[in-house]
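Asks: Could you have a look at this structure, given as structure tokens, before my questions?
Read-outs throughout are calculated quantities, based only on the coordinates presented, and are distinct from any laboratory measurement. Everything numeric here is computed off the predicted structure, so don't read it as measured data. Note: ideal-geometry Cβ built from the backbone for every residue, glycine included; neighbour counts use all protein chains shown.
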């Protein structure tokens, strides 16, 4: 699925990683990787000790399944119904009902979307692709960068012209002429800040955006969306589709080359490289394989290959018909298959180079073998995209230089892209770097807004950035088993006693307690820490799938709690979600028909914060849990631990707002314990880098979200299915 745990940070330097693109790997085999339970269990009154509280993975799958079924059966049943219908309108309506059941389960809380904050930038708007799904928005070879900040008036003029000419192929030349005519000087370099190093350089073996955002500039796919959001040929020159949208045949351009990091030609790009890429994707099973096998499209026998039912990859529906013809055969019709083809699960893999770096296929695949060097760093990968990585200094700098062997090198306007690391410890660093010209621009957090107002930059250059389809979420750990960071037992150390940990897990099993927790946070105050008081509601999102992501192409009749209900053509997805939530009695607002000047929206207001409803649900939970032997009182509050990056004033202040808001709403019956993870890296290891739910070291984690891979709500909803589910692990299961 797409944005692989991507980062909100791009705008306001406040990390929130997104996922898009994929599913987490299958849970570990307890026979080969079991943390064990050898150490003695601490007494209920003693603090949790890292070495004494280790999860027995032998029960992991069964425990996850039991918790999932108790909380998410309504979501999953309706989601499966949606997948089972061929009528698009009915599918959208059933997906909306499924999401309503997911939100009603209250295992996660929507927070914000990307953008919607003040920013300053030298980059012309609309000169990077703005398609809502896939990776092409992270390709920067045609961005237009000036030496001066672009004024809001000029930005508005550029955006208005884009709206007029998108699809004509004339926008880039126009915007360059417009800016030079206005006195701007254009550059062929682009420098931006980043906050998390890529952990992997293999685009077929990662679902994290911190990885894919770098890799996507080094590899081309078959097709690519341009800056006018029109899909253009990339490594494919043309393609054909059969009558029922199950067979897609691509003719490759001849002469495209694979290069190493030194710019030396390795081999020509051939059709077999796409076969090799798909087999490696399915062998690696690192989070994106579902897009090809079950939760995106269904390539013939892809799932059977993953499951081991098919061992001969020749039986999988990806074929090299000749050196320059690759064919994909699907088990079911799919009209949007081509929208996936710029996204990394469908990247090619240079078979000869991969094998030379120790890579193997099928039953011999072993990423942990000491001879396996492929993509271990930028010097051990093959490139066929616009850039080579010429410098990767961890937590410092990444430099992308134009690939001299790139098939489209004459049309690359940016010759060098430089990423400069920002650890987030200085809330004004991005602003000061942007003002000095060190980076091209930045989002303005609340501290930067004040600084920019003081020095006049705000009045001259500040604008409100566009929002997009990325949805950031806070996840509640419903089966917590980790009490120190997975990579470093000295960081993120829990202060809970065993009794407090057990009481928390029992409380989270109660739907009314979760409803109370989900409605206890003043999200406006929380967001104001990042974007300022003036814009605190601007980019708030109230659902996982944006409410206006799709609308019904025709009338659809579905059941809302047993009552047949017809929604007319043109009904937005969010309206149907709201109807189901109203029927279920969960007092949240995910769709406001009066928002966005009467067009209707699920963004721009806080539809969750409701202290009165929180108290009413808490009262039910206290009674029900008392019957189970769990006392919730001022003397025995439920302890909720929230990690944060203590090196950042913004993140520290935001964590304190969460604490104050939740404790006020619960009136003393919940105590929020903030756990300082020291720095950004420690914070990410608490709740972003873990691959499995039992490694999540938090009760409440607001570090990640999801962006879409294609234009169907399934691209979000599939991430919350049972293993392998891309985001469900954030809730402590699978």
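Asks: Using a 10 Å cut-off on Cβ atoms, rank the peptides 335-341, 527-533, 236-242 from the highest mean neighbour count down.
Replies: 527-533, 335-341, 236-242
Asks: Where the centroid of each part is defined by its Cα atoms, how far is segment 413-492 from segment 118-140 in Å?
Replies: First find each Cα centre; the distance between them is then 16 Å.
Asks: Let me ask something additional. For a test of the definition: using alpha carbon positions, the gyration tensor, and the 1.5 limit on a/c, classify segment 456-512 as rounded, prolate or oblate.
Replies: The shape class here is prolate.
Asks: Just for the Cα atoms in segment 598-717, what are the lengths along the principal axes, largest first, rounded to whole Å?
Replies: 46, 43, 29
Asks: Suppose we keep just the alpha-carbon trace of segment 214-388; what are its Rg and Dmax in angstrom?
Replies: 15.5, 47
Asks: Could you work out the mean projected area of the convex hull around the alpha carbons of segment 65-111, in square nanometres to one decimal? Don't jump to the answer; show the numbers that get you there.
Replies: Details: hull surface 14.2 nm².
Its average projected convex-hull area is 3.6 nm².
Asks: Among 141, 512, which comes first, then next, by fewest other beta-carbon atoms within 10 Å?
Replies: The order, fewest Cβ neighbours first, is 512, 141.
Asks: May I pose another question? Taking the mean number of other Cβ atoms within 10 Å as a proxy for protection, how do you rank 384-391, 503-510, 309-316 from highest to lowest?
Replies: Descending packing order for the listed peptides: 384-391, 503-510, 309-316.
Asks: Which FRET efficiency value, to the nearest 0.05, do you get for residue 311 and residue 185 by plugging their Cβ-Cβ distance into 1/(1 + (r/R0)^6) with R0 = 56 Å?
Replies: E between residue 311 and residue 185, to the nearest 0.05, is 0.40.
Asks: What percentages make up the Cα-Cα pair-distance distribution of segment 182-231 when the bins are 5 Å wide from 0?
Replies: Cα pair-distance distribution for segment 182-231, in percent: 4, 15, 17, 18, 20, 14, 6, 3, 1, 0.
Asks: Could you check the simple spin-label distance between residue 626 and residue 156, using points 7 Å along Cα→Cβ, in nm with one decimal?
Replies: Result for the modelled spin labels: 5.9 nm.
Asks: With every atom except the alpha carbons ignored, what do you get for Rg and Dmax of segment 426-529, in angstroms?
Replies: 20.4, 56
Asks: If you average the sequence gap of Cα pairs under 8 Å that are 6 or more apart and divide by the length of segment 214-388, what percent do you get for the contact order?
Replies: 31 percent
Asks: Distance from a point 7 Å along Cα→Cβ of residue 379 to each backbone N in segment 200-236: keep the residues under 19 Å and list them by number.
Replies: What the label zone holds, given the 19 Å backbone N cut-off, is 200-202.
Asks: Could you give the length gained on full extension between residue 454 and residue 177, defined as 0.36 nm per residue of separation minus the Cα-Cα distance, in nm?
Replies: Full extension of this stretch gives 96.4 nm more.
Asks: Then there's this: Take the alpha carbon atoms of the chain, find their radius of gyration, then divide it by 2.2 N^0.38 Å using N residues; give the quotient.
Replies: Numbers: Rg = 25.0 Å, N = 734, 2.2 N^0.38 = 27.0 Å.
That works out to 0.92 for the chain.
Asks: Over segment 405-516, calculate the relative contact order: mean separation of alpha carbon pairs under 8 Å at least 6 apart, over the residue count, as a percent. Show your work: numbers first, answer last.
Replies: Numbers: 44 pairs, mean separation 12.7, N = 112.
Normalised by residue count, the contact order of segment 405-516 is 11 percent.
Asks: Right, here's the next one. Looking at the chain, what % of its DSSP beta bridges pair antiparallel, to the nearest 5?
Replies: Once the DSSP bridges in the chain are tallied, antiparallel ones form about 80 percent.
Asks: Could you sort the peptides 517-526, 154-163, 427-436 by per-residue average Cβ neighbour count (10 Å cutoff), highest mean leading?
Replies: So the order, starting with the most tightly packed, is 517-526, 427-436, 154-163.
Asks: Relative contact order of the chain: what whole-number percent is it, with Cα pairs under 8 angstrom and at least 6 residues apart?
Replies: 23 percent
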